[in-house]
1. Go through (1) over 30 Å from LEU11 (Cα atoms); (2) surrounded by 15 or more Cβ atoms within 10 Å (Cβ to Cβ); (3) touching a residue at least 24 places away in the same chain (Cβ under 8 Å) and name the single condition GLY102 misses.
2. Kindly evaluate ARG41 against the criterion of being touching a strand residue (DSSP E or B) at 6+ places or on another chain (Cβ under 9 Å), free of Cβ contacts under 8 Å to residues at least 40 places away in the same chain and either of a type outside the set (Asp, Glu) or not in a loop (DSSP other than H, G, I, E, B) (or both).
3. Within segment 35-51, take every residue that is within 18 Å of ALA80 (Cβ to Cβ) and over 11 Å from the mean Cα position of the chain (by Cα) and give me the one that is surrounded by the most Cβ atoms within 10 Å (Cβ to Cβ).
4. What residue, of LEU53, LEU39, LEU27, LEU11, is more than 22 Å from VAL111 (Cβ to Cβ) and of a type outside the set (Gly, Ala, Ser)?
5. Name the residues in segment 66-112 that are assigned to a strand (DSSP E or B), under 20 Å from ARG122 (Cα atoms) and of a type in the set (Gly, Ala, Ser), would you?
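FYI, it's all coordinate maths here, none of it is from the lab. Keep in mind that this is a model prediction, so the values were computed, not measured. Backbone-built Cβ (ideal geometry, glycine too); neighbour counts: all protein chains shown.
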Amino acid sequence: MPIQSKAAPALIAASAWQTEGRVLRGLLEGKTLNAGISLIRYVTDVIGEGPTLHVHPYDEIFVMNEGNARFTVGDQVIDATTGDVVFGPANIPHGYQNLGPGRLDSLDIHVSPEWIQFNLARTWERGGMVLSSESKV
């Protein structure tokens with residue numbers, strides 16, 4: 001017999017969790033829904049901008065809604081485009097940057113009811129694709 005979910009059906013309007021005009025466009029923690037995942041929507045038109053290296057104590061899945069991004073996940077560099085999915089394992093440093101041309105729009109699925117992040121850098125280093133980038137925190 002399946003186990004009954006503790007969560008109830010819900011509709012969360014975009015206006016309740018997203019903010020236009022910011023790179024960290026939205027944060028919806030699963031604990032507000034009694035769910036085991038959290039969502040972050042990251043949007044930028046600036047080439048080279050993106051979350052710098054950081055880690056989470058849980059897995060993260062990145063869904064590329066629009067654009068092109070260069071991910072660093074551990075010692076791997078992964079270029080992703082619209083429709084691609086990138087997996088970031090727990091406790092592995094990762095970050096990504098808008099490769100352009102144009103907008104980068106990603107939905108980041110955190111396999112945790114709350115967003116827990118430890119930043120490892122404030123900027124992308126000079127040897128990387130960009131000289132400077134703001135973290136999403």
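1. Against the list (1) over 30 Å from LEU11 (Cα atoms); (2) surrounded by 15 or more Cβ atoms within 10 Å (Cβ to Cβ); (3) touching a residue at least 24 places away in the same chain (Cβ under 8 Å), GLY102 comes up short only on (2).
2. Working: touching a strand residue (DSSP E or B) at 6+ places or on another chain (Cβ under 9 Å): yes; free of Cβ contacts under 8 Å to residues at least 40 places away in the same chain: no; either of a type outside the set (Asp, Glu) or not in a loop (DSSP other than H, G, I, E, B) (or both): yes.
Answer is no for this residue.
3. This residue is THR44.
4. Numbers: LEU53 fails: more than 22 Å from VAL111 (Cβ to Cβ); LEU39 fails: more than 22 Å from VAL111 (Cβ to Cβ); LEU27 fails: more than 22 Å from VAL111 (Cβ to Cβ).
The match here is LEU11.
5. ALA69, GLY88, GLY95, listed by residue number.
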